[in-house]
Amino acid sequence: MRDGDSNVLSSVLDEFHRGDPATFNDAFETLFHQHQRAVYSWVLRIVRNPSAAEDLTVETFWRLYRAHARFDPGRGFEAWARTIATHAALDWLRTQRPETELLMDVAAPPARDPAISAEIRRKTTEAFSRLPPKLRIAAVLAVVEEQPHKEVAAALGISITAVKVRVFRALRLLRKDLQQQGITP
C-alpha cells in the first residue's frame, strides 16, 4: 500500500470513529465497500450457509455502524469487524436446531464402497451439527478451514489456549458421537 493510500484509509477510519454527521456516512460506506467481501467470506466459513452469511454480513455492518464510538482506529478495522461478525454468526448458530444439517463437505478417506463413504460423511456432518456452538465454531475455523489458532482466538475474543481447548473438546465429542454411531475415527 502506498503512503497516500495509507493516509486516506487512516482518515476514513478516524472519520468513522468520530461519527461526525458530515463525514460519517461516507466513511462507513467506504469501509463497507472495502470489507464487505472479507466479512461475508469469514461468516460463510462459520455458518456454512450462503443465505445466512449474506444476512449476517448485513447484521455485522449494522452492529459496526451502531458501535462506531467503540472502534479504536489504531487497532485496525478488519480485526474488529471479524470479531463482531464472529459474534453475529455465533448468535445465529445458537438459534439453529441441532438437527439442522451443517452444509459442509467433510473430507473422508476414499472407501471402496461409495455408499459407505457417503454414509460416513453424512454421519460426520450430523455429529458436527450436534456440537455446542462455541465448540463447533472453533472446530470449523481451526480444523475444517485450517485457520491459525491466533486468528481464531482474535475472532472469538478468547486466548489461543482457549481455542486449543475448545478444538480438543469438539474433537473429543465428535469422536465419541461417531463411535456411538458405529464409526471408528
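The values are calculated or read from the model by the stated rules, or taken from the named source; none is laboratory data. Just so it is clear, the model here is predicted, and its values are computed rather than measured. Every residue, glycine as well, gets a Cβ built from its backbone with ideal geometry; the counts of neighbours run over all protein chains shown.
Can you find a residue in segment 39-53 that is at pLDDT 90 or above, over 13 Å from the mean Cα position of the chain (by Cα), outside the structural domain of SER129 (by TED's automatic domain parsing) and small (Gly, Ala, Ser)? Within segment 39-53, one or more residues are at pLDDT 90 or above, over 13 Å from the mean Cα position of the chain (by Cα), outside the structural domain of SER129 (by TED's automatic domain parsing) and small (Gly, Ala, Ser). One residue is enough: does segment 91-104 have a residue meeting the conditions surrounded by 14 or more Cβ atoms within 10 Å (Cβ to Cβ), within 12 Å of the chain's Cα centre (by Cα), modelled with pLDDT under 90 and under 30 Å from THR184 (Cβ atoms)? Within segment 91-104 (the criterion being surrounded by 14 or more Cβ atoms within 10 Å (Cβ to Cβ), within 12 Å of the chain's Cα centre (by Cα), modelled with pLDDT under 90 and under 30 Å from THR184 (Cβ atoms)), the answer is yes, since at least one residue qualifies. Could you check segment 73-86 and list, in sequence order, the residues that are in a helix (DSSP H, G or I), crowded, with 17+ Cβ neighbours inside 10 Å and not small (Gly, Ala, Ser)? Of everything in segment 73-86, those that are in a helix (DSSP H, G or I), crowded, with 17+ Cβ neighbours inside 10 Å and not small (Gly, Ala, Ser) turn out to be PHE77, TRP80, ARG82, ILE84, THR86. Listed by first and then second residue, the pairs with beta-carbon distance under 8 Å, at least 6 apart or on different chains, first residue in segment 78-97 and free of Cβ contacts under 8 Å to residues at least 24 places away in the same chain, second surrounded by fewer than 17 Cβ atoms within 10 Å (Cβ to Cβ), are TRP80/ASP72.
Scanning segment 144-175 for residues that are loosely packed, with under 12 Cβ neighbours inside 10 Å and more than 23 Å from ALA88 (Cβ to Cβ) turns up THR161, ARG172. Scoring ALA88 on the criteria (1) at pLDDT below 90; (2) in contact with an Asp or Glu (Cβ under 6 Å, 6 or more places away or on another chain) leaves a single failure, condition (1).
Being among the hydroxyl-bearing types (Ser, Thr, Tyr) and closer than 13 Å to ALA155 by Cβ is the filter here, so list the residues in segment 47-93 that pass it.
We begin by selecting, within segment 47-93, every residue among the hydroxyl-bearing types (Ser, Thr, Tyr); these are 51, 57, 60, 65, 83, 86.
Matches in segment 47-93: THR60, THR83, THR86.
Scoring LEU64 on the criteria (1) among the aliphatic types (A, V, I, L, M); (2) closer than 30 Å to LYS134 by Cβ; (3) modelled with pLDDT under 90 leaves a single failure, condition (3). Being charged (D, E, K, R), at pLDDT 90 or above and surrounded by fewer than 14 Cβ atoms within 10 Å (Cβ to Cβ): is that true of ARG70 here? Criteria not met by ARG70.
Considering segment 124-180 alone, what residues qualify as being of a type in the set (Gly, Ala, Ser), assigned to a loop (DSSP other than H, G, I, E, B) and under 14 Å from the mean Cα position of the chain (by Cα)?
Keep residues of segment 124-180 that are of a type in the set (Gly, Ala, Ser), which gives 127, 129, 138-139, 142, 153-155, 157, 159, 162, 170.
Now drop any that are not assigned to a loop (DSSP other than H, G, I, E, B), which leaves 157, 159.
Hit for segment 124-180 is GLY157, nothing else.
If you filter segment 1-36 down to residues that are of a type in the set (Ser, Thr, Tyr) and surrounded by fewer than 13 Cβ atoms within 10 Å (Cβ to Cβ), you find that the one that is modelled with the lowest pLDDT is SER6.
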